[in-house]
Amino acid sequence: MCGIVGVRYFKGRRAEEGLLRQMAAQLHHRGPDGDGFKVLGDVGFGHTRLSIIDLAGSPQPMTSASGPFHITFNGEIFNYQSLRADLERDGVPLRTHGDTEVLLEIMRREGIRGLDKLNGQFAFAYYDETKETLIVARDRLGILPLYYHIGPDFFAFASEIKALLPAVGEPVLDDAAVEEYLTYRSVPPPRTLFKGIRKLAPGTVLHIGKDGSLREEVYWSLPARQQGDMLTGDAAIRAVDQKLQEAVALRLVADVPVGAYLSGGLDSSLTVALMKKLREGGEVQTFAAGFSDPRFDELPFARQVSEAVGTVHHEVMVTSQDFLDHWEKLSWHRDAPMSEPADVAINKIAKQARAQVKVLLSGEGSDEIFGGYPKYAFEPKLAPLAAIPNFLRVPMFRMGERLLPESKNRIRQAGRALAARSTAERMQTWFGPFTWYERKSLRPGYGNGNEPGQWDRAEGDHLRRMLYVDCHTWLADNLLERGDRMSMAASIENRPPFLDHELVELAFRIDSSMKIKGTSGKWLIKEIARKHLPQNIVDRKKVGFKVPLDEWFRGGLKDYVHDLLLGPDSFVSSYFDRRVIESLLVNHTRGRRNEELRLWTLMGLEVWHRAFFKALKTP
């Protein structure tokens with residue numbers, strides 16, 4: 001993958017290569033292998049390259065051999081070889097051996113319709129100089145990012161927000177987006193935490209007119225309603241098994257070494273097993289992170305998988321000191337608060353892997369399309385309680401969840417969800433750090449909305465609607481953003497096979513009874529895994545990629561947490577009600593309740609604010 005930047009001016013001003021270079025300099029980590037720039041009158045493109053395919057060729061920005069058609073492209077088109085063969089049969093002149101030129105020629109010949117042919121992860125800008133039409137586009141699931149700014153006389157875009165700042169100027173906090181962050185742990189599109197800087201939604205093309213007009217066009221979306229016949233039984237297992245193997249095979253296409261994240265969990269283990277199978281016994285390198293806390297340390301399980309499959313395995317240990325050393329720098333890389341503590345571990349794995357490989361496959365996305373989280377099995381059991389009228393249920397569960405001890409944390413989370421005022425709000429509360437009433441206590445005017453609208457758009461049974469919401473919110477705006485930034489901070493490309501769009505479409509045609517059976521999630525994936533992995537690995541209880549923050553916040557990081565949130569120069573203690581923050585700290589450090597998620601969320605906001613609004617420089 002790479003980094004892309006660009007501008008378009010509206011009042012006759014010519015684009016300047018100097019500005020493009022300033023923007024691209026912020027993305028050197030995304031493309032340490034080279035850069036390029038192209039000025040086309042009022043339009044300018046920049047590119048930083050991480051060479052994965054056609055290493056010696058395919059310089060960018062690229063111009064078509066057939067005329068003044070230009071592209072700057074970040075990502076991979078995994079099926080580019082078959083698309084290239086189609087172009088060659090049609091007599092299209094091609095000068096390189098990579099996927100960039102294939103995408104360029106498809107756009108030249110077919111325009112937006114050509115995106116339907118692509119299997120990949122991408123963000124790009126395309127300029128047709130003959131018609132003076134400029135578009136930017138993002139892949140279907142949102143694996144790769146794209147941000148933009150529209151001003152009175154220019155438009156600018158970039159792979160990361162920090163690359164827009166040379167064009168936009170001093171950053172300004174978006175107050176409305178701060179509440180969205182407290183609600184979701186991320187900010188849904190089109191907002192970001194920076195006022196005036198917007199996020200292009202997945203599966204969307206943005207048309208930028210010469211007059212500054214913007215028009216969005218959605219070229220792909222998750223099926224809100226059932227499409228095609230529902231699959232169940234052995235037919236469903238066979239179909240998913242075959243499509244997953246095809247997805248893994250496509251993501252092994254590269255001219256550089258490809259490895260894999262291996263947590264020891266089901267999804268990464270199955271991905272690694274399929275990599276080994278598809279390479280017919282060839283070498284597979286795997287990378288894992290561990291913690292000293294045995295509750296969350298999955299290194300023994302990762303070793304077990306490595307030994308069973310036969311990989312060359314590498315490990316790193318993550319400590320509380322890693323957070324102190326790297327938090328601000330990684331917040332700068334993410335352009336947002338590190339909403340997931342595992343960000344640090346993922347980045348540390350990627351940095352170690354960089355000496356061996358340039359690409360890592362991951363198991364991301366399986367939970368959100370096949371029902372892997374406990375809440376998916378637990379939610380239906382709440383139906384009788386959720387039916388209680390709001391005027392009784394909301395105050396009852398608000399009170400109840402506050403009285404529960406830390407040992408009942410999972411039940412407490414269910415109580416927090418049941419204190420939601422609507423079903424849509426309950427969906428957000430399962431993963432959200434702050435409930436509506438907690439947000440209301442933090443800052444005047446908060447707590448009045450922010451329900452995920454996807455719940456009302458989705459159709460089908462309860463599980464299908466939950467998965468639809470999570471794919472649009474939790475997955476796209478949190479996990480995929482994390483995967484891209486923490487990997488690319490180490491100049492590593494992250495490829496998640498479970499998010500092959502054809503596999504995702506298939507997953508939404510699978511009967512829910514094949515995903516959840518009793519209290520067991522991802523039942524179908526487990527059945528597939530039994531064909532490729534030892535049974536004890538498949539049936540192991542899910543741990544998840546967690547970090548022992550609860551103990552760290554009571555032990556080695558206790559003073560750091562206090563100083564960060566309540567120190568004299570703390571942003572959050574002045575922006576929010578200081579008394580609420582003090583209460584969270586006291587309740588956690590004294591063991592009354594586990595408030596690690598809420599503390600982490602506020603700390604993440606504080607560190608991010610310092611990185612961009614106080615330091616305002618690359619750490």
Looking only at region 533-552, which residues are at pLDDT below 70 and open to solvent by 50 Å² or more (accessible area, probe 1.4 Å)? K542, F545, K546
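Restrict the check to region 246-258 and report whether at least one residue is under 13 Å from T311 (Cα atoms) and either modelled with pLDDT of 95 or more or among the acidic types (D, E) (or both).
Checked against the condition, which is being under 13 Å from T311 (Cα atoms) and either modelled with pLDDT of 95 or more or among the acidic types (D, E) (or both), region 246-258 yields at least one hit.
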Restrict the check to region 423-432 and report whether at least one residue is open to solvent by less than 10 Å² (accessible area, probe 1.4 Å), under 13 Å from L385 (Cα atoms) and of a type in the set (G, A, S). no
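Does region 157-178 hold any residues that are closer than 21 Å to E16 by Cβ and open to solvent by less than 20 Å² (accessible area, probe 1.4 Å), and which are they? First the steps, then the outcome.
Within region 157-178, the subset closer than 21 Å to E16 by Cβ is 157-170.
Residues satisfying the conditions are F157, A158, S159, E160, I161, K162, A163, L164.
State yes or no: is G365 surrounded by 21 or more Cβ atoms within 10 Å (Cβ to Cβ) and not hydroxyl-bearing (S, T, Y)?
Values: surrounded by 21 or more Cβ atoms within 10 Å (Cβ to Cβ): yes; not hydroxyl-bearing (S, T, Y): yes.
The answer is yes for G365.
So, of the residues in region 58-69 that are farther than 17 Å from E132 by Cβ and surrounded by 14 or more Cβ atoms within 10 Å (Cβ to Cβ), which turns out to be modelled with the lowest pLDDT?
Quick first cut of region 58-69, residues farther than 17 Å from E132 by Cβ only: 58-60, 62, 65-66.
After this cut, where a residue has to be surrounded by 14 or more Cβ atoms within 10 Å (Cβ to Cβ) as well, the list is 58-60, 62, 65.
Numbers: S58: 87, P59: 90, Q60: 94, M62: 97, A65: 94.
Filtering region 58-69 for residues that are farther than 17 Å from E132 by Cβ and surrounded by 14 or more Cβ atoms within 10 Å (Cβ to Cβ), the one modelled with the lowest pLDDT comes out as S58.
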Answer with yes or no whether G518 is open to solvent by 20 Å² or more (accessible area, probe 1.4 Å) and on the phi > 0 side of the Ramachandran plot. yes
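Would you mention how many residues in region 562-619 are of a type in the set (F, W, Y) and either part of a loop (DSSP other than H, G, I, E, B) or at positive phi (or both)? If you could, list the steps in order and put the result at the bottom.
Going residue by residue through region 562-619, those that are of a type in the set (F, W, Y) are 571, 575-576, 600, 608, 612-613.
Still in the running and either part of a loop (DSSP other than H, G, I, E, B) or at positive phi (or both): 576.
Final tally of qualifying residues: 1.
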Index of the failed condition, F378 passing every other in (1) farther than 30 Å from F571 by Cα; (2) aromatic (F, W, Y); (3) crowded, with 20+ Cβ neighbours inside 10 Å: (3)
So, of the residues in region 81-128 that are without any contact (Cβ under 8 Å) to a residue 60 or more places away in the chain and of a type in the set (F, W, Y), which turns out to be least open to solvent (accessible area, probe 1.4 Å)? F122
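Being of a type in the set (D, E), out of contact with any strand residue (DSSP E or B) (no Cβ under 7 Å at 6 or more places or on another chain), in a helix (DSSP H, G or I) and open to solvent by 10 Å² or more (accessible area, probe 1.4 Å) narrows it down to one residue among E527, E459; which is it?
On the way: E459 fails: in a helix (DSSP H, G or I).
Only one candidate qualifies: E527.
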Could you list all residues from region 466-478 that are open to solvent by less than 10 Å² (accessible area, probe 1.4 Å) and within 11 Å of the chain's Cα centre (by Cα)? C471, L475, A476, D477, N478
Contacts under 8 angstrom Cβ, first residue in region 428-449 being under 17 Å from S186 (Cβ atoms), partner open to solvent by 30 Å² or more (accessible area, probe 1.4 Å) and among the acidic types (D, E), 6 or more apart: Q428/E451
Among the numbered criteria (1) of a type outside the set (S, T, Y); (2) open to solvent by less than 60 Å² (accessible area, probe 1.4 Å); (3) more than 21 Å from the chain's Cα centre (by Cα), which one does A336 miss? (3)
Six or more apart or on different chains, Cβ under 7 Å: which pairs go from a residue in region 41-66 that's in contact (Cβ under 8 Å) with a residue 24 or more places away in the chain and polar (S, T, N, Q) to one that's crowded, with 21+ Cβ neighbours inside 10 Å and in a loop (DSSP other than H, G, I, E, B)? Could you list them? T48/L27; T48/G31; S58/G98
Looking at (1) of a type in the set (A, V, I, L, M); (2) surrounded by fewer than 20 Cβ atoms within 10 Å (Cβ to Cβ); (3) touching a residue at least 24 places away in the same chain (Cβ under 8 Å), which is the only condition L141 fails? (2)
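Out of all the residues in region 472-500, which are in contact with an Asp or Glu (Cβ under 8 Å, 6 or more places away or on another chain), within 19 Å of Q226 (Cα to Cα) and assigned to a helix (DSSP H, G or I)?
Here is the first cut: in region 472-500, the residues in contact with an Asp or Glu (Cβ under 8 Å, 6 or more places away or on another chain) are 474-475, 478-480, 482-483, 485-487, 493-496, 498-500.
Restricting the remaining residues to those that are within 19 Å of Q226 (Cα to Cα) gives 499-500.
Residue satisfying the conditions is L499 alone.
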Are there any pairs, at least 6 apart or on different chains, whose C-beta atoms fall under 6 Å, with the first in region 360-386 and among the aliphatic types (A, V, I, L, M) and the second open to solvent by 40 Å² or more (accessible area, probe 1.4 Å), and if so, which? A377/T519
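Tell me which residues, restricted to region 320-370, are in a helix (DSSP H, G or I) and among the basic types (K, R). Can you show your working first?
First, pick out the residues of region 320-370 that are in a helix (DSSP H, G or I): 320-334, 342-353, 366-370.
If the condition is that a residue be in a helix (DSSP H, G or I) and among the basic types (K, R), then K329, R334, K348, K351 are the ones that fit.
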Can you pull out every residue in region 253-304 that is open to solvent by 20 Å² or more (accessible area, probe 1.4 Å), closer than 19 Å to S366 by Cα and in a strand (DSSP E or B)? Y261
Considering only region 205-217, I want to know if a residue exists there that is part of a strand (DSSP E or B), open to solvent by 30 Å² or more (accessible area, probe 1.4 Å), in contact with a Lys or Arg (Cβ under 9 Å, 6 or more places away or on another chain) and over 22 Å from G371 (Cα atoms). yes
Close pairs (6 angstrom Cβ cut-off, 6 or more residues apart or separate chains): at negative phi in region 543-557, modelled with pLDDT of 80 or more and of a type in the set (S, T, Y) anywhere: F545/S263; W552/S320; R554/T589; G556/S320; L557/S320
Say we look at region 40-55 and pick out the residues that are aliphatic (A, V, I, L, M) and in a strand (DSSP E or B); which of these is surrounded by the fewest Cβ atoms within 10 Å (Cβ to Cβ)? L40
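The values are calculated or read from the model by the stated rules, or taken from the named source; none is laboratory data. Nothing here was measured: the structure is a model prediction, and the numbers come from that model. Every residue, glycine as well, gets a Cβ built from its backbone with ideal geometry; the counts of neighbours run over all protein chains shown. Each accessible area value is taken on the protein alone, full model and side chains, heavy atoms only, with ligands, DNA and RNA left out. Shrake-Rupley method; radii C 1.70, N 1.55, O 1.52, S 1.80 Å.
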